[in-house]
Amino acid sequence: MARLTGVTEGNAGVVMKVLYRFMRRGMRALAGRSPERGLEPLEMFAVLPRLLRAYGRLEQATTKLGGTDRRTHALATLKAATLTQCEYCIDIGSAIARRWGLTDEEMVALPVHPTSDVFSAVDKLVLDYAAGMSRTPVQVPDELFAALCQHFSEAQIVELTHLIALENYRGRFNLALGIGAAGFSEGLVCAVPVGAGG
């Protein structure tokens with residue numbers, strides 16, 4: 001249960017209600033479902049409308065990026081979500097990852113990705129990068145970065161870095177405000193949170 005009420009659909013003004021309807025449609029298209037509690041993070045941002053608008057623009061810009069394929073995007077962000085241990089992020093991230101090409105076996109193997117045989121060598125580099133970026137302090141050795149540069153362009157690496165950093169932001173925001181799983185992956189295989197060493 002979230003620690004704050006935020007601006008719920010019930011206490012939102014007309015403009016916010018329209019925005020929430022639009023967001024529910026977008027979530028359904030992205031994750032395949034739009035559960036009742038799916039808007040909780042946005043309800044918190046809506047307490048500060050200027051912040052909500054700015055955050056919305058960032059998310060919109062992010063959806064328009066296309067330098068990395070969806071599967072790589074899903075691998076990186078879902079790994080980051082499992083490391084921040086954000087239930088909401090893991091819940092929606094698993095639903096999106098499934099639609100973007102990750103198998104149930106791959107989602108379950110995320111905590112043991114270095115020794116798993118379900119991931120390619122490039123997948124493992126992406127997962128190692130997400131793990132290193134999600135640590136505090138960040139731990140991205142030069143060797144790992146050099147290996148990424150052999151497989152991704154500068155633009156792709158900046159995009160990948162943005163995706164992982166944004167997922168860490170989302171997770172820490174949701175965790176601090178007590179926002180939990182909403183039901184995007186209910187009844188389906190879902191990735192599991194792991195310790196920061198995973």
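The values are calculated or read from the model by the stated rules, or taken from the named source; none is laboratory data. Predicted model, so just to flag it, every value in this text is computed and none were measured. In this analysis, Cβ positions are derived from the backbone assuming ideal geometry, glycine residues included, and neighbour counts consider all displayed protein chains. The area values use the complete protein model at the heavy-atom level, side chains included, leaving out ligands, DNA and RNA. Shrake-Rupley method; radii C 1.70, N 1.55, O 1.52, S 1.80 Å.
Some observations on this one:
- Qualifying residue in the range 87-103 (condition: at pLDDT 95 or above, closer than 23 Å to Gly6 by Cβ and of a type in the set (Gly, Ala, Ser)): yes
- Exactly one residue out of Ala165, Ala131 is surrounded by 17 or more Cβ atoms within 10 Å (Cβ to Cβ) and either without any contact (Cβ under 8 Å) to a residue 40 or more places away in the chain or farther than 20 Å from Gln60 by Cα (or both), and it is Ala131.
- Some residue of the range 133-141 being assigned to a helix (DSSP H, G or I), under 30 Å from Val47 (Cβ atoms) and at pLDDT 95 or above: yes
- Looking across the range 62-76, the residues that are assigned to a helix (DSSP H, G or I) and open to solvent by less than 20 Å² (accessible area, probe 1.4 Å) come down to Thr62, Thr72, Ala74, Leu75, Ala76.
- Exactly one residue out of Glu40, Glu59 is in a helix (DSSP H, G or I) and crowded, with 19+ Cβ neighbours inside 10 Å: that is Glu40.
- Among the criteria (1) in a helix (DSSP H, G or I); (2) open to solvent by 60 Å² or more (accessible area, probe 1.4 Å), the one Leu4 does not fulfil is (1).
- Within the range 175-189, one or more residues are touching a Gly at 6+ places or on another chain (Cβ under 8 Å), closer than 30 Å to Gly6 by Cβ and buried (at least 21 other Cβ atoms within 10 Å of the Cβ).
- Taking the numbered list (1) more than 15 Å from Thr68 (Cα to Cα); (2) surrounded by fewer than 17 Cβ atoms within 10 Å (Cβ to Cβ); (3) touching a residue at least 12 places away in the same chain (Cβ under 8 Å) in turn, Ala147 passes all entries but (2).
One line per residue, one yes/no per condition, for (1) touching a helix residue (DSSP H, G or I) at 6+ places or on another chain (Cβ under 6 Å); (2) surrounded by 13 or more Cβ atoms within 10 Å (Cβ to Cβ); (3) under 18 Å from Tyr88 (Cα atoms):
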site	(1), (2), (3)
Glu9	yes, yes, no
Val14	no, no, no
Val18	no, no, no
Arg28	no, yes, yes
Ser34	yes, yes, yes
Phe45	yes, yes, yes
Leu51	yes, no, no
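- Test result for Ala31, touching a residue at least 12 places away in the same chain (Cβ under 8 Å) and farther than 20 Å from Leu163 by Cα: no
- Listed conditions (1) free of Cβ contacts under 8 Å to residues at least 12 places away in the same chain; (2) assigned to a helix (DSSP H, G or I); (3) not acidic (Asp, Glu) are all met by Ala80, apart from (1).
- Residues of the range 92-119 classified as in contact with a Gly (Cβ under 7 Å, 6 or more places away or on another chain) and either aromatic (Phe, Trp, Tyr) or open to solvent by less than 70 Å² (accessible area, probe 1.4 Å) (or both), total: 2
- Residues of the range 134-144 satisfying the condition of being hydroxyl-bearing (Ser, Thr, Tyr) and either touching a Gly at 6+ places or on another chain (Cβ under 9 Å) or surrounded by 17 or more Cβ atoms within 10 Å (Cβ to Cβ) (or both): Ser134
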